[in-house]
Amino acid sequence: MMRIACSALIALFALSLSSAHAQDAAPQWSLAIHGGAGVIERSSLTPEQDAAYRAALQGALDAGSAVLKSGGSALDAVQAAVQVMEDDPLFNAGRGAVFTAAGRNELDAAIMNGSDLTAGSVAGLTTTRHPVAAARAVMERSPHVMLIGPGADAFAASVGLEQVDPAFFFTERRWQGLVKALTEAGQPVPERPAGAPASPTAPGAQAEIAPPLNEKKFGTVGAVALDSQGRLAAATSTGGMTAKRWGRVGDVPIIGAGTYASNADGCAVSATGDGEYFIRATVARDICARIAAGAATQAAGQAEIADAERLGGKGGVIVMGLDGRPAFAMSTSGMYRGAASSTDPARVAIYADEP
Ligand code: ASP
């Protein structure tokens, strides 16, 4: 009797272990995204704005997850997720990018393949609809890693990537953000760009899409992924900083600063924040070095964000490890973000205190 009870107990224990194990099983594929970090508090978003951001993040997660679910590559997944956010005027990337002091949208992006350390990036694009696609083309279809300005747009056009009128990227909200920033700084406000819709204050003009949102945030977009073949990839895309000048380029297209992926190190990273400081802290590469040296993804992200903050820069990172568990770290009150994997349902979050 005693023996039967004992073996029943052992069987039960084994069962519970194996189900615990099944629950904890490493995901076959995994994706994490961000839509920028910054001063984002509950009081700064209306319920409608909060819902709009969550729906937009969900849409990007769905696009990337669909690729990974069907056995596609981490590279294709991060590109797909980022392109959805580049097309969404809510984010500071592609359509919806912030303006330079001269009243232009100049777009930066990067992508990196962790399995072979190939990478591509672009800076200062003005006519390529999907800057991340241009970065991918630089990686795969040119002998270079980084292209800038008109040459980068010409290259993108030459490989068949969609070109648009620069006014395609115009949004009233970002324009008003520029007007405010320049006025506060006592700098001249440029003419509205050619092709932009009439000012909503002009007689007879249509009312604009959304009310201006809190602009004290970054809004860059990015994605990191692990695919079912164990490959890691990262991608990031941005309009940079409002009122940037003189051809300014931030951390996003600098491989190792805003974007990095390495299967050898076991990490993929996409950052958002004060680019000047993220460049100096070599944020993305340092996170990978910390992970290669044995740090957990969360600890590595947090330590690096703390280092960047000590230099004076705020922001956030998303980090993917080979175990498919995403980590999010930030020194801001919020970061638009989301994650999905083969084992966990998709989730999105905005404020720092959300799980
Ligand atoms: N890191 C970006 C830049 O400095 C800005 C952002 O994250 O929104 O260009």
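The values are calculated or read from the model by the stated rules, or taken from the named source; none is laboratory data. Computed from a prediction, not measured in an experiment: that's the story for all the values here. So basically every Cβ, Gly included, is an ideal-geometry build from the backbone, and we count neighbours across all protein chains shown. For the accessible areas, the whole protein counts, side chains as well, though only heavy atoms, and no ligand, DNA or RNA atoms are used. Shrake-Rupley method; radii C 1.70, N 1.55, O 1.52, S 1.80 Å.
Details
- Largest first and in whole Å, the equivalent-ellipsoid semi-axes of the stretch 17-145 read 28, 24, 11, each the square root of five times a Cα gyration tensor eigenvalue.
- In a reduced charge model with +1 at each Lys and Arg Cβ and -1 at each Asp and Glu Cβ, the stretch 254-315 shows a dipole moment near 40 debye about its Cα centre.
- Surface exposure of the chain, expressed per residue as accessible area with a 1.4 Å probe, stands at 42 Å².
- Per-residue ³J(HN,Hα) for the stretch 325-341, Karplus 6.51 cos²θ - 1.76 cosθ + 1.60, θ = phi - 60°, Hz, x for Gly and Pro: 9, x, 10, 10, 9, 8, 10, 10, 7, x, 8, 5, 7, x, 8, 8, 8
- Spatially close Lys pairs in the chain, defined by Cα atoms under 20 Å apart and a spacing of eight or more places or different chains, total 8.
- Each residue of the stretch 39-50 was assigned a 3J(HN,Hα) from its phi angle through the Karplus curve 6.51 cos²θ - 1.76 cosθ + 1.60 (θ = phi - 60°); the sequence is 6, 10, 10, 4, 6, 8, 10, 6, x, 5, 5, 4 Hz, with glycine and proline shown as x.
- Nearest-20 debye value, the chain charge dipole, Cβ charges on Lys, Arg, Asp, Glu: 200
- For the chain, relative contact order (Cα pairs under 8 Å, six or more residues apart, normalised by length) works out to 25 percent.
- Helix axis angle, 172-184 relative to the chain longest principal axis, alpha carbon, degrees: 70
- For the stretch 274-280, 3J(HN,Hα) per residue [Karplus equation, 6.51 cos²θ - 1.76 cosθ + 1.60, θ = phi - 60°, Hz, x = Gly/Pro]: 5, x, 4, 7, 5, 5, 5
- Rounded, prolate or oblate (a/c below 1.5 giving rounded, otherwise prolate when a/b exceeds b/c) for the stretch 225-310 by Cα gyration tensor: oblate
- Paramagnetic reach from Gln229 (point 7 Å along Cα→Cβ, amide N under 11 Å) across the stretch 78-122: 115-116
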